[in-house]
Structure formats: C-alpha cells, structure tokens
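Bear in mind these aren't lab numbers, they're just calculated from the coordinates by the rules spelled out. Here the structure is a predicted model, which is why all the values come from computation and not from measurement. FYI the Cβ positions are ideal-geometry reconstructions off the backbone, even for glycines, and counts take in every protein chain you see.
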Amino acid sequence: MLLYLSKKLAGAFGVLLVLSALIFFAGRGLVPGNLATAIAGAKASPETIAAITHDLGLDKPIYQQYLDWLTAAFRGDLGTSPISSQANVDVIAQQTPISLELSLMGLLIAVVIGIPVGVMAASRAGSGTDWGIRVPLLVVFAFPAFVSGSAALYLGTQYLTNLYSASYIPFSEDPMANLQTMLLPALAVGVPTAPLVTQMTRSSMIEVLSQPFIATARTNGIAEWRITYVYALRAALPPVLTLIGFIFGLLVGGLFIVEEIFSLPGLGRGVLSSISSRDFSQVTAQALVMAGAFILGNLLVDLALPFVDRRILRK
Amino acid sequence: MTDDRTPPTAQGDEPEIVLDVQDAVRHYPLRRRSLREPRRSVHAVDGVSVRLRSGRTLGIVGESGCGKSTLGRLITGLETPTSGAVRVGANGTPAAAASGRGTVQAVFQDPASALDPRMMVRQSVAEALGGVGRDERDRRVDEAIAAVGLTPDFGSRYPHELSGGQQQRVCIARAIVGEPDLILLDEAVSSLDASLQAQILDLLERLQRDTGTAYVFISHDLRAVRQVSHSVAVMYLGQVVEQAPAEAFDRGLLHPYAVALRSTEPRILDDGVEPVERVVLRGEPPSAVAPPAGCRFAPRCPIVEDHCRRVAPDLVEATPGHLVRCHRPGDLTLSGVARADAGTPAEV
Amino acid sequence: MSTIAERRPPSRGVRLPRRWPVRGVVANIALSLILLYVVLAVLGPYITPFAPNQVGAGPNLSPPSSDHWFGTDALGRDQLSRVITAVRPALLAALYAVTFALAIGTVIGIAAGFLGGLWDGALSRVVDLLFAIPEYLLAILVIAVMGSGLVNASLAIGIVCIPRFARIARGSTLSIMERSFIDAARLCGRGRLWIMRRHILPNIASPLVIMTAINLSTAEAAYAALSFLGFGVRPPAADYGSMISASQQYLLTDPWVVAFPAIAFVVLVLAFNLIGDVMRDRLDPRSRTSAGA
C-alpha cells in the first residue's frame with residue numbers, strides 16, 4: 001500500500017513538474033515578439049522597455065526565468081500580472097472556488113444519472129429497452145455544452161426565474177442563493193457528461209454479468225436485484241471510477257464554455273480572458289492551477305481505487 | 001514404438017557441425033520488490049553444451065519451465081546468451097549474428113499464431129526469400145508448398161481457411177524454403193492430434209533425408225522426440241541432466257529424472273517389452289530463481305542421498321555419446337529401484 | 001477484416017442476449033446522414049440560395065419564410081446559406097484532427113510497443129503526460145501559441161487525441177508481438193520496418209479504425225466548442241460554433257437564429273456518435289479479445 005501510494009504521488013508530482021515547464025513556455029509563446037515591447041506598447045521609449053525587461057527578469061536566460069518562476073510558485077507566489085498589476089494568486093483565489101463547485105456539482109449529477117441508467121441498460125443488454133436507453137443518451141451526448149448551456153440559460157431566464165439567478169453569490173454567504181446561480185450551469189456541465197458514465201457502466205457491467213461467479217450466484221438462488229446491484233455493480237465499479245478521472249478533463253472543457261455562457265467569473269473564463277488580453281503571466285498561473293487540480297483529482301481516483309479493487313495493490 | 005531408424009551417416013566421414021552450444025547461460029533479471037533486496041534472476045538456461053551435426057536431429061525434452069524453449073530461442077538467435085556461446089552454421093557464426101540470415105529457421109507450437117492471418121500462404125512462405133528474384137522466388141515457393149504435400153491452390157488461401165495440420169505444413173514450407181542449415185522445431189507437433197502428429201513427423205523425416213538439414217526437436221512429449229531424434233537431451237531446471245542416443249531410451253537410461261520421465265510415457269497395450277515400473281515424481285520442480293545448492297533434482301529424487309543435497313554433480317560421459325549428471329547413475333531403472341530406498345512406485 | 005470479426009470468443013457459460021437486429025438500421029441511418037453532410041460540403045457553394053456572408057440578404061432577424069427557410073441573422077445574412085456553408089469547416093476540422101492523431105498516434109504506439117525497452121518507456125511517458133493535461137486546456141494552450149483558425153484548431157484537437165491512438169496502437173501491437181509469426185519473420189531476415197509495416201500495421205488496423213470512428217465525433221464537438229470560444233475559422237466565415245456564439249444574445253427573442261445551426265450541428269455529431277457507438281461495441285467486452293488479437 002505504501003509503495004503504491006508513494007509511486008502514485010511521485011508520478012503525479014513528476015507530471016506536474018513537466019507540465020509546469022510546458023505551461024510556462026506555452027505562456028511565453030502566447031505573446032509574439034518581445035514581451036516588454038508588448039507590455040509597454042509600440043511607442044514606448046527604449047529606456048522604459050529596458051526597465052520592464054529588467055523588472056520581469058527577461059534579460060536572464062530563459063531556463064533561469066523558468067526556474068525563478070518555479071521556485072516562486074513552490075512558495076505560493078504565482079507572480080504579478082504586468083498587465084493588470086494584480087497578484088495572480090488573488091485573482092485565482094477568487095476564480096477557483098466557482099470552478100471547483102461547478103465541476104463537483106457537475107460530476108455528482110453525471111454520476112447520479114449515469115450509473116443507475118448504465119446498470120439498467122446492462123441488465124437488459126441487447127433488448128429494446130437497452131436501445132431505448134442508449135439512443136436518447138447518445139442524443140443528449142451529441143449536445144455539446146455550448147448548446148445545452150444555451151438551452152439551459154434560455155429555460156432559466158424564460159421559465160424558471162425562481163430557480164435561476166444570474167449574479168454569483170459565494171456559497172459561504174448565502175448557500176441558497178449560491179445554489180440558485182449554480183444549479184443550471186452544473187446541469188449544463190453534468191448532463192452531457194452522464195452518457196459517458198452510462199456507457200462505461202454498461203459495458204463494464206455486461207462483462208461482469210457474463211462471468212461465472214454471477215451464474216453461480218444465480219444458481220444459488222440469490223435475488224436478481226441483489227445480484228445486479230450488489231454483486232455485479234461492485235465488481236464493475238473500478239473501470240467506472242477510472243473513467244471519472246477522465247471525466248475531470250471533460251468537466252474542465254465544460255468549464256470554459258459554461259462559465260462563458262453563464263458569465264460566471266471562474267477559472268475557465270479567466271484563462272480565456274487572459275489569453276485575449278495576452279496576459280502571459282496570469283494565464284500561466286491559471287493554467288498551472290487548473291492542471292494541478294486535474295492531476296490532484298486523478299490522484300484521488302487512483303488512491304480510491306484500491307478500496308474498491310484490492311487486486312490493484314498487487315500489480 | 002521401437003526406433004529402428006539408422007542414422008544417415010553412421011560410418012565414414014562425419015558431417016559438419018551446424019550447431020555448437022558451449023556452456024550457454026541465460027538469466028532473466030527480476031524486478032526488485034524493495035530497494036534493499038539483492039537483484040535476483042530466473043536461471044532459465046544454466047550452462048548447457050550441445051553439438052549437432054548436419055542431417056541429424058537433437059531432441060530436447062523436459063517439463064514445462066525447464067528452459068528448453070529458452071534454449072531454442074538462444075539457438076535461433078532471437079535471444080542472446082548471458083554468457084557462453086551459441087554458434088550455428090557450417091562456419092560457426094554466433095547465433096545472434098546469424099539470426100535472420102536464413103541459417104536457422106523455426107517451426108513453432110501453435111501454427112495459427114505462427115502465420116500472419118492477413119497474409120496468403122504464398123506470401124508467408126515467400127517471407128523467407130528476401131532478396132531473391134521474383135521468378136526464382138515463385139519457383140521455390142511452389143516447390144516448398146509441394147514438398148510439404150500441399151496442392152498449389154493452397155498458395156492463394158489465408159490461414160483461417162486451413163486446418164491445423166495444413167497450417168503447420170505451411171509453417172514447415174516456410175522453414176525449408178530458404179534451405180537453412182538448422183531448423184528448430186519447438187513443440188512443433190504438440191498442438192496436433194495423434195494421427196496428424198504421425199503425418200507431420202513422417203514429413204519431417206522425409207524432408208531431412210532429402211535436404212540434410214539438422215533439426216533441434218523440442219517437446220515435452222518423449223515419444224515424439226524419440227521417434228525423430230538421433231540423440232536426446234533431457235533438461236531439468238535449466239541444465240541437461242542426461243544426453244543419450246535415442247536407442248538408449250529403451251533400457252539404458254541412467255538419470256533418475258530421465259527414468260521417471262520415460263516410465264510415464266504412455267504405451268500401447270502390449271508392445272512386447274517387459275512391463276515398466278511407473279515412477280511418479282512428487283512435488284513441483286524447485287524455483288528457477290534460487291535453484292537448490294546440490295543436485296537440482298535432489299528435492300524430488302526417489303533415490304536421493306545426503307551427498308546429493310550438498311554437492312552438485314557434473315555432466316560426465318558414462319559411455320561414448322552418453323552423458324549423465326548424477327551421483328548415482330543407473331541406480332533407478334525402468335524395472336524399479338536397484339537399491340530400494342524410495343516409496344513403492346505404483347504399477348502401470 | 002472478416003477473419004477478426006468472425007472469430008468470436010467462446011461463450012462463457014452464461015447465455016448472452018442476441019444482438020439486436022436494429023443495429024444495422026441505426027448504422028445505416030447514421031451513414032446516410034454523414035453522406036448527406038459530405039454532399040452538402042462538396043456542393044455547398046453551388047446550392048446556397050444566397051452568398052453566405054452577404055449582409056442584408058434579407059431584413060435583420062427575420063423568422064423562417066419562403067425566401068429565407070431558416071430565417072436571417074442579426075446582420076440580415078441568410079441562415080440556410082450559412083448553415084450549409086458551415087458543413088465544410090466542420091467536416092474538415094474533424095478530418096484533419098483525426099487524421100493527424102491517427103498518423104502520429106499509430107507511429108508512436110507501434111514504435112513503443114515494438115521497440116520496447118527505453119523507447120517504450122520514453123514514448124509512454126510522453127503519452128501519459130499528454131493524457132495528464134485536461135483536454136480543452138491543452139487545446140486552448142496550443143491555440144494560444146499557434147494562433148486560431150481552422151487548421152490550427154484542428155491540429156490542437158489532433159494533439160489532444162494522439163494519446164488515445166497511441167495507447168490502443170501500443171496495446172494491440174503488444175498483443176500481436178506475442179504471436180510467433182513475428183519471430184518467424186525475424187528468422188526470415190525481415191527488418192523492423194518490414195515487420196512493423198507488413199505484419200503489425202495490418203493486424204492492428206481494426207481497433208484503429210474503430211478508434212477513428214469514435215474520435216470523429218469527439219473531434220467534431222471539440223472543434224465546434226473551440227469555434228464557439230472564438231478559436232475557429234475567422235468571422236465572418238460561417239462556422240457552427242461561432243454562429244451560435246454570435247446569436248446567443250437573441251436566443252430569448254429570436255430562438256431560430258440559434259436553433260438552426262445548433263440542430264444542424266447536433267445531427268452531425270449524433271451521426272458520428274452513432275457510428276462510433278456501433279464501432280465501439282466491437283472493442284467492448286464481448287468481442288474485446290477478437291478486436292485486440
């Protein structure tokens with residue numbers, strides 16, 4: 001267990017380290033040409049440009065800049081945006097809770113819908129019911145977040161005015177008001193993701209149901225519902241759990257779009273606005289936090305897996 | 001079941017040596033389970049020396065896991081020995097360097113897996129003829145297909161359209177078409193049913209007479225090995241424990257493991273030979289990771305003595321051409337234990 | 001193709017439900033839909049009633065009528081013409097992205113699986129790394145560096161899809177490597193390139209084809225999402241994502257401006273999804289062994 005744990009931790013840390021380099025250099029690639037000139041404007045005097053260059057440490061070699069940035073990041077200092085002059089940590093501290101809440105709610109919705117439907121489809125695999133479940137889900141899945149999001153916004157502002165309020169209020173201040181804002185966006189993130197969970201649950205369940213131990217359970221006269229929901233589902237869960245790590249990725253994609261549609265000041269929208277204002281410092285910090293959260297999510301899934309499937313530790 | 005074939009060149013000048021294995025060792029390192037643990041390895045082949053002359057067949061028998069297939073892979077050059085030398089061909093090229101030059105070919109156990117499902121028979125057979133002009137290639141492929149007893153129309157078929165026996169004939173055609181010095185037959189008839197086995201073994205013998213190719217015939221089936229081999233090596237835990245001319249296998253076996261193996265060979269009801277005591281070995285072969293310090297067979301040997309557990313025996317020549325690795329050679333025979341100190345073996 | 005499909009694994013004691021006959025029908029509907037879109041993409045410029053970018057082809061935001069079947073947008077551009085024109089970038093994006101990912105991913109996967117050792121270690125690390133980045137974040141970062149547009153957005157999606165192809169190519173290669181015809185080819189003196197090209201590639205083709213089908217729909221949706229965020233073809237050119245994004249504000253008053261591009265796009269993704277789903281069944285448990293072998 002300890003070996004498994006340390007292996008996973010070391011792996012996640014290594015990935016984060018390499019990612020940080022990728023993100024750093026991607027951030028630098030965002031601005032074509034000289035950064036200092038871009039910040040100061042085309043008409044700035046050479047002295048101003050030289051001063052900015054020195055302030056940002058741009059006169060140092062690029063790997064030194066990266067190392068400086070990395071060590072600062074380890075100390076929790078993600079730099080200050082030379083464009084908005086705000087500390088990136090402060091900006092991100094405002095944006096992150098929104099995105100986090102949105103993705104967790106979305107994940108919950110996807111799982112709550114996806115798993116039971118998948119189990120139902122699997123226990124009637126190949127029948128009309130199976131297709132009756134799968135085809136509508138495929139249709140839902142075909143609606144990308146930006147269509148379903150728009151539709152949800154339309155519904156919310158048109159009909160469900162009691163259920164939806166457009167301004168964001170932090171959960172700590174007023175939980176009800178917060179949920180009022182977040183429920184529809186969360187549905188817009190979660191519902192299109194649910195078919196994926198269903199799909200995986202279904203195929204994993206079908207595989208488990210065809211195994212001899214299920215047949216043995218049947219011949220022992222154990223009730224069918226018990227076989228399906230207790231015996232089989234438990235055995236079918238590990239691949240579904242692994243998929244949840246993958247779903248985090250989709251949720252991040254959903255964040256960009258749903259936050260944009262619902263004008264939620266979250267991390268996804270933050271990245272987009274940093275890109276459009278060419279704020280390389282801020283986008284680097286935001287992307288790092290986002291990737292870090294994603295890796296952390298996957299790490300948690302990895303750590304949860306042995307509890308569902310003890311065989312994993314032996315590998 | 002008796003072997004009445006005579007070696008093709010029993011007298012006169014000896015044919016050239018096409019396989020010379022000298023003290024070949026192959027270890028596979030194991031993954032460490034903790035950092036303090038010393039690096040361990042599987043001793044798959046541990047000091048094997050054999051020689052084979054052109055036109056002859058060397059049989060290799062043993063239980064699964066005894067290292068016979070690894071020895072085969074060393075001979076083909078698909079793997080290189082950890083130490084020792086494996087030389088093939090008339091001019092003694094190291095097997096690894098000769099691999100892919102057409103000096104050594106192989107026929108594997110499962111013919112379905114040995115043929116690319118997406119290649120027609122002709123393409124598979126022609127694979128051994130790289131760098132040969134189209135006309136000559138076509139001619140030789142036709143000859144090879146005919147030589148293994150298939151009609152020309154098989155050339156344009158796919159493996160899944162063939163039966164297991166036909167597939168194995170195609171594999172043999174591929175092995176012979178490049179006229180190699182040596183062919184490795186790794187469990188080549190084990191997956192076929194009895195009547196097909198006999199057919200394929202006959203085919204192999206006929207091809208050997210025609211071409212003079214040497215065979216290394218690896219099998220766990222002693223009967224098949226004895227039928228085609230001139231000399232048989234018995235392997236146990238990565239070592240050769242006895243190597244004897246095929247005729248010696250009727251009565252003259254010296255190593256208790258070889259005797260046990262021979263005694264369990266299924267026989268046709270009454271073949272005129274006096275009944276054989278069946279020696280049933282108890283237990284599993286010891287781990288090839290940490291072989292026993294003394295004789296490797298000691299933990300399972302019916303006639304083991306204290307000396308055997310302490311000192312590992314060497315492979316010594318008992319009679320010319322008959323080698324054995326045992327402290328008490330010949331004390332256990334097919335008729336039972338000479339100096340009985342083992343449990344009562346059950347009768348067949 | 002047929003040999004793989006025919007070799008079903010033996011049943012495992014429990015009687016499995018028979019395959020539903022509608023499967024074929026579903027696939028046929030999906031295929032004809034895709035064919036329709038391909039025809040529209042090819043003929044697009046010749047059959048649109050108006051020039052797609054012609055401002056003021058009708059009154060602004062007019063509802064569907066006999067002149068403008070799909071109505072007009074806020075600039076009075078004919079929606080039907082724009083919906084038809086947008087098929088081409090949509091299909092091209094999916095095609096570029098998947099072709100790119102298929103090519104690179106297959107090469108990486110076969111090389112990692114076949115060469116093994118250090119190569120496998122290094123290549124697998126790169127693939128794991130790509131997998132460890134949230135897909136959209138990666139795509140957006142790539143676009144941030146390379147700039148937006150149809151080709152760049154497609155490449156960004158392609159990069160995101162590489163690991164999936166690489167993994168399946170590697171896994172299938174490893175399972176092929178266990179078969180002895182690879183050793184036989186080596187003994188016949190065939191070099192690595194020959195073995196990879198003549199033995200491994202043909203034998204891992206079916207799982208790769210299936211993966212391609214599955215990824216077409218993902219790539220399609222991803223491109224539209226990127227286009228929605230403003231990273232697709234540059235305005236005023238017609239593109240589903242940007243059309244929906246631009247018309248979003250009229251959703252409440254004039255829903256058709258969003259509805260028609262949305263429907264056109266959703267049907268296209270749905271068709272790809274159905275194909276992918278039918279294909280995915282081949283990779284699924286009951287036939288997994290045959291697809292991998």
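Observations
- For residues of C:140-148, the mean tally of beta carbons on other chains within 10 Å: 6
- Of C:279, B:120, the sequence from fewest to most neighbouring Cβ atoms within 10 angstrom is B:120, C:279.
- Per-residue Cβ neighbour rank within 10 angstrom, fewest leading, C:82, B:328, A:75, B:262: A:75, B:328, B:262, C:82
- Applying both filters, DSSP loop and at most 13 other Cβ atoms within 10 Å, to the GluC sites (Glu not before Pro) of the stretch A:138-242 gives A:173.
- Two-site FRET efficiency, residue C:28 against residue C:69, from Cβ-Cβ distance with R₀ of 22 Å, rounded to 0.05: 0.25
- Residue-averaged beta-carbon neighbours from other chains (10 angstrom radius) around A:137-143: 6
- Working note: 222 nm ellipticity from helices only, DSSP H runs with n ≥ 4, each -39,500 (n - 2.57), summed and divided by the residues of chain B, gives -7000 deg cm²/dmol to the nearest 500.
- In summary, the helical segments of chain C meeting the span-like criteria, namely a full DSSP H run, a Cα extent along the axis of 18 angstrom or more and a mean Kyte-Doolittle hydropathy of at least -0.5, are C:22-47, C:87-115, C:117-131, C:150-177, C:205-228, C:256-283.
- Cα long-axis angle, helix A:280-308 against chain A (0 to 90 degrees, to the nearest 10): 20
- Rel. contact order, % - alpha carbon contacts under 8 angstrom, at least six apart, the stretch A:88-314: 29
- Separation between Cα centres of the stretch B:209-256 and the stretch B:281-306, rounded to whole Å: 22
- Of C:92, C:36, C:216, the one that fluctuates the most in a GNM where chain C has Cα springs shorter than 10 Å: C:36
- R0 of 45 Å, Cβ-Cβ distance residue C:103-residue B:90: FRET efficiency to nearest 0.05: 0.45
- Percent of beta bridges antiparallel (DSSP, chain B, rounded to nearest 5): 65
- If the chain linking residue A:75 and residue A:263 were pulled fully straight, counting 0.36 nm for each residue of separation and taking away their Cα-Cα distance, it would gain 64.5 nm.
- The aspartates and glutamates within cross-link reach of residue A:43, meaning a Cα-to-Cα straight distance under 20 Å and a gap of 8 or more places when in the same chain, are A:55, A:279.
- For the stretch B:34-122, averaging the sequence separation of C-alpha pairs within contact (under 8 Å, six or more residues apart) and dividing by the residue count gives a relative contact order of 18 percent.
- Annotation: aspartates and glutamates with alpha-carbon distance below 17 angstrom to residue A:60 (same-chain offsets under eight excluded): A:68.
- Annotation: the residues C:73, A:77, sorted from fewest to most other C-beta atoms within 10 Å of their own C-beta, follow the order A:77, C:73.
- Taking a straight Cα-Cα cut-off under 13 Å and skipping sequence neighbours fewer than 8 places away in the same chain, the aspartates and glutamates within cross-link reach of residue A:7 are A:302.
- Working from Cα pairs under 8 Å separated by at least six residues, relative contact order for chain B is 18 percent.
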